[in-house]
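In what follows, a structure is listed as C-alpha cells, so that the remarks can point back to it.
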Amino acid sequence: MTTAISPPAQSSHEPYQPEVNGALATWFADGWTVTWRNLSKIKRSPDMLIFAVLQPIMFVLLFSQVYGGIIQIEGSDYTNFLMAGIFAQTVVFGSTFSGAAMAQDLKEGLIDRFRTLPMSPSAVLIGRTNSDLCLNGISMVIMILTGFAVGWRFTNGVPSFLAGVGLLLLFSYAFSWVMALLGMVVRTPETINNASFMILFPITFISNAFVPAESLPRPLEIFANWNPVSALVQAARDLFGNTQEGMVRDTFGIQYPVITVFIGVTLLLVIFVPLCIRQFARTSSR
Amino acid sequence: MPIIEARGLTKTYPSKSGTVHALSGLDLDVPEGTVKGLLGPNGAGKTTTVKVLNTLIRPDSGTATVDGINVLSNPQGVRRIIGASGQYAAVDENLTGLENLEMVGRLYHLGIKRSRVRAAELIEAFGLTDAGSRPVKGFSGGMRRRIDLAGALVNNPRILFLDEPTTGLDPRSRIGLWETINDLVKGGTTVLLTTQYLEEADYLADHISVIDSGRVIASGTSDELKAQIGGHRVVVSLVRDTDSDAARSVLAHYGTADPTVSDDRRQLDVTVDEGPVALQRVLADLDSQGVALHDAGMRRPTLDDVFLTLTGHRAEATEEDNDSTQDQEISA
C-alpha cells in the first residue's frame, strides 16, 4: 500500500488524560489487562490449551494403567497413591510456561513496548502468573475428572480435598515467579523449555510422587525425603486421604508437609517477587 | 528550550570481547515540533540513545529531559507523554489489530471504553479497517509496522520515538510508512527517529545528527551536511578493471581529496570544486590514455558521502562489518 494515509488529526498536542487514577486502581486495572491479553492468547492458539488438557489426561492414564498393574503400594491402592504425585508433577511443569512466555515476550519486543507505557511495574508479571494459574487450574480440573474415571477417590471429605487442590495451585503460582525470573534472565524460550525439563524431570521423579520414597536406593531416598516436591505431594496425599497406611515419616517436610509447603511458598514469593520486579525494570530486548 | 535534551550520556556494556562503549558522552537537542534523525551504522549508539530517552535503559552517567521531565528521576512521567516504537514491530501475534491497540490504551489508563474507541479510530486512520479484527499473525510486515506505529500514537503523544521504523520493509511499504509519518508530523508531533537509510533521513528529518562510536559527530539539515563536504563529485565507471590505477591518478589530479575506488576497482569517484569543468577534463585525460568507460557523470554529494568524509567509513555497513558490529548491538 503506497496510498498516503492520514493519521487522525492531532489538533492539540495534549496527551490524553488517564481515566483510571490512583496506585491501587491502576495496579488492578493493569494486572487485569495483561491477564486478559494472556488469556486471549490461550483462546486464539488452542494448541496450548490442548497441550494443557491432553498431557494431564495422558499422564493419569499412562501411569495408572501401565504401572498400576505391577506397582504394589503397601496399605494403599496405586491409583489412589499416584494421583497426588501426578497432580504435583503436572502443575510444576505447568509453571515453566511462565518462563517461556516471558522470554517469548522479550524476544518479540513486547516487554519493550510495555516498559515504555506508564503501567504499574509489576503488572506484566502479575498478569503472567495469574493467567498461568488459570491454565494450571484448567489442567487440574481435567486431571481430577480423569482420576475419577480411572477409579481414584479422595476419602477425607470435600473441604480437605479442596484444600489439597488449593495447595497444589498455590505452589504452582509461587513457582511461576521463579520461572518468570529465569525467563527474563535466559531470554530464549527454547532454552527455558529444555533446561526446565532437565531439572524438573529428576526433581519430580526422585520424590515420593510415583513410588514411596523408601522403595528408592538409599541416596535417592534421602534426596526424595528432603525434596520440596515430596512435601507438596505428601501434603496433597494427606489432604486427599490417600496416604498409604503405616508410612514412615522421618524428615520434617514429610512429618508436617502442609506447614512445609506454606513455608516454601512464602519463601519463594518473598524472594522471587521482588527479584522479578527488579529484573523486569532493567530488561530490554537484545 | 528543546523538548528533548540530553547531556553527556554514557553507557557501557560488557561483551565477550571486552567492554563496549555504546554511548560515550552524547549530547542531543531536539526543538519542539521538529523531526530529528539519528543517522549512523549498526552499533553506533542510535538505539541506545533512543532507549535512554524512552526510559528503557538507564545511562551510566549524563542527564536527559523529555518535555522538561527528567528521564532518570521520573520515568513514569515521561512514559505518559511519549509514544515509542521499537526496532521490531512489537505486536501480540495472537491478538487482533484492534485488541493490540485496545490493550495499549488500557495500559495508558484511558479506560476500556475510550481505549476501544481510540483503537477503532487508529485502525481506520491507518487503513487497516478490513484487517483490524483478524489476529495479527496473518499480517504482512508492513501491516505489523502500521499496528506498531499506531500503538505508539494511542495516547496522542507529544513526542514520538521511532527506532528504525522501516527496517525490513519492502520499498513500497517503506514509502507508504514515510508518508504516514510525514502526515503525522504536520500535526506538530516531535519525532526522534533512528535510521540506517540515508534517503530515509533525507526524506523525513528536519535535522540530522550523525552518530558514530557513541557520540554525535555532525549535526545539521541534510543540505547543511552536504554543504560541509562541498562541491560536486565526478563518478566514472570503467570497462576494464586493469585501467583502475590510471583512472585513479587522473581523478586524484583534479579532485580535492583522495578518490574512492569500489571493491571491484571499476567504480571511482572524487570530490571536485567545479563539477562541469572537472568532468570535461577528466574525460579528456581518460580518453587520451585510452581508458574505456561504461559511464561517467557528476552528482551532488549524498549523505553516504557525508558519512564517509566524516568517519572514514561508509554508513551502510557491508556484510562483514555487520557481523563484527552485531554483538555490539546488545543493549541490556
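The values are calculated or read from the model by the stated rules, or taken from the named source; none is laboratory data. Keep in mind that this is a model prediction, so the values were computed, not measured. For neighbour counting, all protein chains shown are included, and Cβ atoms are generated from backbone atoms with ideal geometry for every residue, glycine included.
Restricting attention to the range B:181-195 and to residues that are outside any strand (DSSP E or B) and touching a helix residue (DSSP H, G or I) at 6+ places or on another chain (Cβ under 7 Å), the residue that is surrounded by the fewest Cβ atoms within 10 Å (Cβ to Cβ) turns out to be B:N182.
Exactly one residue out of B:L198, B:L225 is crowded, with 18+ Cβ neighbours inside 10 Å and in contact with a Phe, Trp or Tyr (Cβ under 8 Å, 6 or more places away or on another chain), and it is B:L198. For the range A:61-79, a residue qualifies if it is buried (at least 18 other Cβ atoms within 10 Å of the Cβ) and either at pLDDT below 90 or under 14 Å from A:Q234 (Cβ atoms) (or both), and the qualifying residues are A:F63, A:S64, A:G68, A:I73, A:S76. Examine the range B:135-150 for a residue that is aliphatic (A, V, I, L, M), at pLDDT 90 or above, touching an Asp or Glu at 6+ places or on another chain (Cβ under 8 Å) and part of a helix (DSSP H, G or I), and state whether such a residue exists. Yes; the residues of the range B:135-150 include at least one that is aliphatic (A, V, I, L, M), at pLDDT 90 or above, touching an Asp or Glu at 6+ places or on another chain (Cβ under 8 Å) and part of a helix (DSSP H, G or I).
Checking the structure you have, find out if any residue of the range B:108-125 is out of contact with any Pro (no Cβ under 6 Å at 6 or more places or on another chain), among the charged types (D, E, K, R), part of a helix (DSSP H, G or I) and under 19 Å from B:L177 (Cα atoms). Yes, the range B:108-125 contains a residue that is out of contact with any Pro (no Cβ under 6 Å at 6 or more places or on another chain), among the charged types (D, E, K, R), part of a helix (DSSP H, G or I) and under 19 Å from B:L177 (Cα atoms).
Do we have any residue at all in the range A:48-59 that's outside any loop (DSSP other than H, G, I, E, B), closer than 30 Å to B:P157 by Cα and either modelled with pLDDT of 85 or more or within 14 Å of another protein chain (Cβ to nearest Cβ) (or both)? Scanning the range A:48-59 turns up no residue that is outside any loop (DSSP other than H, G, I, E, B), closer than 30 Å to B:P157 by Cα and either modelled with pLDDT of 85 or more or within 14 Å of another protein chain (Cβ to nearest Cβ) (or both). Yes or no: B:S73 more than 9 Å from every other protein chain (Cβ to nearest Cβ), farther than 30 Å from B:D202 by Cβ and small (G, A, S)? Taking the combined requirement at face value, the residue satisfies it. Taking B:V239, is it surrounded by fewer than 17 Cβ atoms within 10 Å (Cβ to Cβ), modelled with pLDDT of 85 or more and not basic (K, R)? It is true that B:V239 is surrounded by fewer than 17 Cβ atoms within 10 Å (Cβ to Cβ), modelled with pLDDT of 85 or more and not basic (K, R). Summed over the range A:94-119, residues that are among the polar types (S, T, N, Q) and facing chain B (nearest Cβ under 9 Å) total 1. Answer yes or no: is there a residue in the range B:77-87 that is more than 7 Å from chain A (Cβ to nearest Cβ), free of Cβ contacts under 8 Å to residues at least 12 places away in the same chain and not charged (D, E, K, R). Yes, there is a match, as at least one residue in the range B:77-87 is more than 7 Å from chain A (Cβ to nearest Cβ), free of Cβ contacts under 8 Å to residues at least 12 places away in the same chain and not charged (D, E, K, R).
State all residues of the range A:248-264 that are over 20 Å from A:F161 (Cα atoms) and in contact with a Lys or Arg (Cβ under 9 Å, 6 or more places away or on another chain); if no residue qualifies, say none. None - no residue of the range A:248-264 is over 20 Å from A:F161 (Cα atoms) and in contact with a Lys or Arg (Cβ under 9 Å, 6 or more places away or on another chain), so the list stays empty. Taking the criterion of being within 9 Å of another protein chain (Cβ to nearest Cβ), among the small types (G, A, S) and within 25 Å of B:I82 (Cβ to Cβ), the residues of the range A:11-46 that qualify are A:S11, A:S12, A:A25, A:A29.
You will find that of B:G214, B:G187, the residue that is within 14 Å of chain A (Cβ to nearest Cβ) and of a type outside the set (F, W, Y) is B:G187 and no other.
Would you check if there is a residue in the range B:269-286 being in contact with a Leu (Cβ under 8 Å, 6 or more places away or on another chain), crowded, with 16+ Cβ neighbours inside 10 Å and of a type in the set (S, T, N, Q)? No, that holds for no residue. Given the condition under 30 Å from A:Q234 (Cβ atoms), hydroxyl-bearing (S, T, Y) and within 14 Å of chain B (Cβ to nearest Cβ), answer yes or no: does some residue in the range A:127-138 qualify? Yes; the residues of the range A:127-138 include at least one that is under 30 Å from A:Q234 (Cβ atoms), hydroxyl-bearing (S, T, Y) and within 14 Å of chain B (Cβ to nearest Cβ).
The single condition among (1) facing another protein chain (nearest Cβ under 9 Å); (2) closer than 29 Å to A:N21 by Cβ that B:V66 does not satisfy is (1). Among the criteria (1) over 25 Å from B:T48 (Cβ atoms); (2) crowded, with 21+ Cβ neighbours inside 10 Å; (3) among the polar types (S, T, N, Q), the one B:S140 does not fulfil is (2).
Restricting attention to the range A:130-161, the residues that are more than 11 Å from the chain's Cα centre (by Cα) and closer than 23 Å to A:F51 by Cα add up to 12.
Can you tell me which residue is farthest from B:A89 (Cα to Cα) among those in the range B:108-135 that are more than 10 Å from chain A (Cβ to nearest Cβ) and β-branched (V, I, T)?
The residue in question is B:V117.
In this structure, does B:V154 turn out to be over 16 Å from the mean Cα position of the chain (by Cα), part of a helix (DSSP H, G or I), touching a residue at least 12 places away in the same chain (Cβ under 8 Å) and more than 7 Å from chain A (Cβ to nearest Cβ)? Answer is no for this residue. Can A:T90 be described as in contact with a Pro (Cβ under 9 Å, 6 or more places away or on another chain), modelled with pLDDT of 90 or more, surrounded by 15 or more Cβ atoms within 10 Å (Cβ to Cβ) and within 14 Å of another protein chain (Cβ to nearest Cβ)? Taking the combined requirement at face value, the residue does not satisfy it.
Quick check: anything in the range B:171-178 more than 9 Å from chain A (Cβ to nearest Cβ), in a loop (DSSP other than H, G, I, E, B) and of a type in the set (D, E, K, R)? Scanning the range B:171-178, I find no residue that is more than 9 Å from chain A (Cβ to nearest Cβ), in a loop (DSSP other than H, G, I, E, B) and of a type in the set (D, E, K, R), so the answer is no.
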